[in-house]
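The structure appears below as structure tokens.
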Amino acid sequence: MATPLRTVHGTNGDPLAEAIELTKRLKLPHIRRSLTDIIPTAKAQRWDPAEVVRVLLAEEAAGRDRANLHTRRKRAGFPSGKTFGDWDETASAIPRHTQDALKSLEWVGRRENLCVCGPSGTGKSHFTEALGQAAVESGMTVAWFTIEDLGVLVRRHRADDSIARALARIIRSDLILVDDIGLLPVSPDAAEGFYRLVDAAYERRSVAVSSNLHPSKAHMFRRTCARQRRNVTGSAAASRHRRCA
């Protein structure tokens, strides 16, 4: 049998210490944390060497999955951490079969959009955030905004005209959630941000919105967006005219 290679100096020939140092070099933090527990157990129970390798690699894979889930959840920017774990399906006015269809997230894969409407306190934000949390847990990327967040985004990037680049980064997410449209008057900047977001995501990503506006009043917000579209188009045309002049 060939002599095992020793590639780490300063471990005094201790295989466990050498293994820990190698996990640092190879960036395997989850294996490193589990080595001191698994190796003694494997010796005591006389595990097959292949089983030891399998368990250690499974620990690393599970740890990376947890870390990726935490990163995706943090980047999503959820406001409260609500999930379907504390959602009362029977208390919602949304039909049960519709809830089940939305929870499947197949509509996100088809790049379809969703609008959840209803008065304050009926669970719109809870339901949409829970959909976002479910999407994150299934491996998707999600971005959460309020309508005013979009106004802030427009103002922040107006000075250097970088809003298009900012939106390009946002629509890398598989699902984009916009909360509480209609709860407060929509500012021109917010209307512009919402219009630009929907336009950029059209047929490329799924957008889900929650709104206090009854569907019969939705035309009021469409008029706001239409005015903003004319303003944006007019500003672009004026800019092109200035450059040509």
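The values are calculated or read from the model by the stated rules, or taken from the named source; none is laboratory data. Worth saying up front: this structure is predicted, and the values here are computed from it rather than measured. Positions of Cβ are generated from backbone atoms using ideal geometry, with glycine treated the same way; all protein chains shown enter the neighbour counts. SASA here: full protein model, heavy atoms, side chains in, ligands and nucleic acids out. Shrake-Rupley method; radii C 1.70, N 1.55, O 1.52, S 1.80 Å.
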Accessible-area value, LEU69, 1.4 Å probe, nucleic acids and ligands omitted, Å²:
50 Å²
With all protein chains present, how much of the accessible area of region 3-138 (probe radius 1.4 Å) comes from carbon and sulfur, to the nearest whole percent?
54 percent
How large is the accessible surface of ARG96 in square angstrom, using a 1.4 angstrom probe and rounding to the nearest 10?
130 Å²
Hand me the GluC sites (Glu not before Pro) from region 75-133 located in a DSSP loop with no more than 12 other Cβ atoms within 10 Å, in residue order please.
GLU112
Electrostatic dipole magnitude of region 36-167 [Cβ: Lys, Arg +1; Asp, Glu -1; Cα centre; debye, to 20]:
360 debye
Which sequence of THR23, THR122, THR90 reflects their accessible areas, 1.4 Å probe, from the largest down?
THR90, THR122, THR23
Mean accessible area per residue over region 18-59 (1.4 angstrom probe, all protein chains present, square angstrom) is 70 Å²
Calculated FRET value between THR98 and ARG204, using beta carbons and R₀ = 22 Å, to 0.05:
0.35
For region 148-158, in residue order, the Karplus 3J(HN,Hα) values (coefficients 6.51, -1.76, 1.60; θ = phi - 60°; whole Hz; Gly and Pro = x) are 6, 4, 5, x, 4, 4, 5, 5, 5, 9, 6
Give the long-range amide H neighbours of SER206: residues separated by 5 or more places, or on another chain, with amide H under 5 Å away, using H modelled in the peptide plane at 1.01 Å from N.
ILE176
Please find the FRET efficiency linking THR141 to LEU184, where r is the Cβ-Cβ separation and R0 is fixed at 35 Å, and quote it to the nearest 0.05.
0.80
Calculate the FRET efficiency for ASN113 and LYS27 from the Cβ-Cβ distance with a Förster distance of 41 Å, rounded to the nearest 0.05.
0.55
Give me the one-decimal nm value for the distance between modelled label points at TRP47 and ALA67, 7 Å along each residue's Cα-to-Cβ direction.
2.0 nm
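Tell me whether region 7-123 comes out rounded, prolate or oblate; compute the Cα gyration tensor, take square roots of the eigenvalues as a ≥ b ≥ c, and use a/c under 1.5 as the rounded threshold.
prolate
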